[in-house]
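Chemist: Take this structure first; my questions come after.
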Amino acid sequence: MLEGKVAVVTGASRGIGKAIACKLASMGATVIINYNGSKDKAEEVKAEIEGMGGTCIAVACDVSDEDSVKACVAEVEKAFGRIDILVNNAGINIINEFSEFSTEDWDKVVNINLRGQFIMSREVCKLMKKQNYGKIINTASVGGYAGGASQIAYYASKGGVVNFTRALASELAPYHVTVNAIGPGVFDTEMTHDSLDGDFAKYLEGRVPLGRWGKDGELDGALIYFASDASSYCTGQTLYVDGGMVCVL
Ligand code: NAP
């Protein structure tokens, strides 16, 4: 389905990004596995994709750093000449109560989760505009729909991602570049693992209409839709894949 397409996935060394990179490769895309610090893990993802017959490279880049992003995009352009699909997935979270939340921590989270999507999209869209084709998929979150205690920068950044997606969609539409976002509910990754135990987690899980957290593979449907031409008339949307979490009061 994605044969001949070149896809960049940021934060693909583990978790949701790894799953996205593997899925895109299984659909025939050439995949660029971006990572920041986890070189060994990125190499493992590369080996896994190559093991199933896919083509990929791993490229280090801090998405919040302009020079780093420019170098990454230049490397991909040199290697493959085009980028058809960009998945802005890299993200972090810092948990602390609001009155103690430092400006440095705010900057760190917002710079990676939101500024990173801005810089990466801006550099990649230069190629997509020339191609007159592209699919940008941003990883948002249920935290882009509603807020909660002790994760102020995360919720603010993800709310930003949802509206960034709408604004960029309208700007890039004339170039046949669609821009959509996936809003995951809770999935078990390094980011969330430690908070999936305990009374509050049980209470929250009980409030998911489908009654459980997300499982491996359950973001695939949204990914396939947004990455392929099945979504050729869909842009600016955030699809929440959350067991119904954002539907309930
Ligand atoms: P994760 O397991 O902690 O993985 C985060 C990924 O982001 C890693 O590959 C990490 O790579 C990369 N990353 C962090 N800072 C980076 C930077 N400055 N530049 C480039 N890459 C960077 O988290 P996850 O749960 O898979 O989350 C992935 C995305 O899904 C995030 O945007 C997150 O907000 C979103 N999300 C997750 C959930 C969930 O329940 N898990 C729910 C909603 C939304 P290195 O280790 O190499 O730095």
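The values are calculated or read from the model by the stated rules, or taken from the named source; none is laboratory data. Computed from a predicted structure; not experimentally measured. Note: ideal-geometry Cβ built from the backbone for every residue, glycine included; neighbour counts use all protein chains shown. Note: areas computed on protein heavy atoms with side chains; ligands, DNA, RNA excluded. Shrake-Rupley method; radii C 1.70, N 1.55, O 1.52, S 1.80 Å.
Chemist: Just the accessible area per residue of the chain, please: how many Å² with a 1.4 Å probe? All intermediate terms of the calculation are to be shown ahead of the outcome.
Modeler: Numbers: 11930 Å² over 249 residues.
About 48 Å² of surface per residue is accessible.
Chemist: Past 21 Å, Cα to Cα: identify those pairs from Lys108/Lys158; Lys135/Lys215; Lys5/Lys126; Lys39/Lys126; Lys41/Lys78, in the order given. It would help to have the intermediate numbers written out before the result.
Modeler: Details: Lys108/Lys158 14 Å; Lys135/Lys215 25 Å; Lys5/Lys126 17 Å; Lys39/Lys126 27 Å; Lys41/Lys78 24 Å.
From Lys108/Lys158; Lys135/Lys215; Lys5/Lys126; Lys39/Lys126; Lys41/Lys78, over 21 Å: Lys135/Lys215; Lys39/Lys126; Lys41/Lys78.
Chemist: Among Ile92, Ile16, Ile182, which one moves the most in a GNM of the chain with springs linking Cα atoms closer than 10 Å?
Modeler: With Cα springs under 10 Å in the chain, the top fluctuation among Ile92, Ile16, Ile182 is at Ile92.
Chemist: May I pose another question? So which cysteines in the chain don't have a second cysteine's C-beta under 4.7 Å from them?
Modeler: Cys22, Cys56, Cys125, Cys234, Cys247 - these cysteines have no disulfide-compatible partner (Cβ-Cβ under 4.7 Å) in the chain.
Chemist: Can I ask one more? With the Cα gyration tensor of the chain in hand, convert its eigenvalues to equivalent ellipsoid semi-axes via √(5λ) and list them largest first in whole Å. All intermediate terms of the calculation are to be shown ahead of the outcome.
Modeler: On the way: eigenvalues 152, 74, 71 Å².
They are 28, 19, 19 Å, listed largest first.
Chemist: Oh, and also: Can you run phi through the Karplus equation (6.51, -1.76, 1.60; θ = phi - 60°) for region 150-164 and list ³J(HN,Hα) in whole Hz, with x for Gly and Pro?
Modeler: Result, rounded to whole Hz: 6, 9, 4, 6, 5, 4, 5, 5, 6, x, x, 4, 5, 7, 4.
Chemist: Alpha carbons only, please: Rg and Dmax for region 148-218, in angstrom.
Modeler: Every Cα atom of region 148-218 included, Rg and Dmax give 15.8, 49 Å.
Chemist: Which semi-axes, in whole Å and largest first, does the equivalent ellipsoid of region 67-138 have when worked out from the alpha carbon gyration tensor as the square roots of 5 times its eigenvalues?
Modeler: Values: eigenvalues 188, 27, 15 Å².
Value: 31, 12, 9 Å, ordered largest first.
Chemist: Now a separate question. Computed over the Cα atoms, what is the radius of gyration of region 127-249 divided by 2.2 N^0.38 Å, N being its residue count? Intermediate values should be presented prior to the final figure.
Modeler: On the way: Rg = 15.8 Å, N = 123, 2.2 N^0.38 = 13.7 Å.
Rg over 2.2 N^0.38 Å, computed on Cα atoms: 1.15.
Chemist: Rank these residues by their accessible area, most exposed first, probe 1.4 Å: Phe226, Phe101. Don't jump to the answer; show the numbers that get you there.
Modeler: Details: Phe226 5, Phe101 30 Å².
Solvent-accessible surface, decreasing: Phe101, Phe226.
Chemist: List the residues, sorted by chain then number, that are 5 or more residues from Asn138 or on another chain and whose placed amide H is less than 5 Å from its amide H.
Modeler: Excluding prolines and chain starts, which carry no amide H, the hits are Asn88, Asn180, Ala181, Ile182.
Chemist: Show the residues, 5+ positions off or on another chain, whose built amide H is closer than 5 Å to the amide H of Cys56.
Modeler: Val31
Chemist: If you average the sequence gap of Cα pairs under 8 Å that are 6 or more apart and divide by the length of region 1-149, what percent do you get for the contact order? Don't skip to the answer; put the middle values down first.
Modeler: Numbers: 249 pairs, mean separation 34.6, N = 149.
Relative contact order here is 23 percent.
Chemist: Treating each Cα of region 1-147 as an identical point scatterer and ignoring solvent, apply the Debye formula and state log10 I(q)/I(0) at q = 0.18, 0.20 Å⁻¹.
Modeler: -1.01, -1.21
Chemist: Roughly to the nearest percent, how much of the accessible area of the chain is carbon and sulfur, given a 1.4 Å probe?
Modeler: Numbers: 6140 of 11930 Å².
Carbon and sulfur: 51 percent of the exposed surface of the chain.
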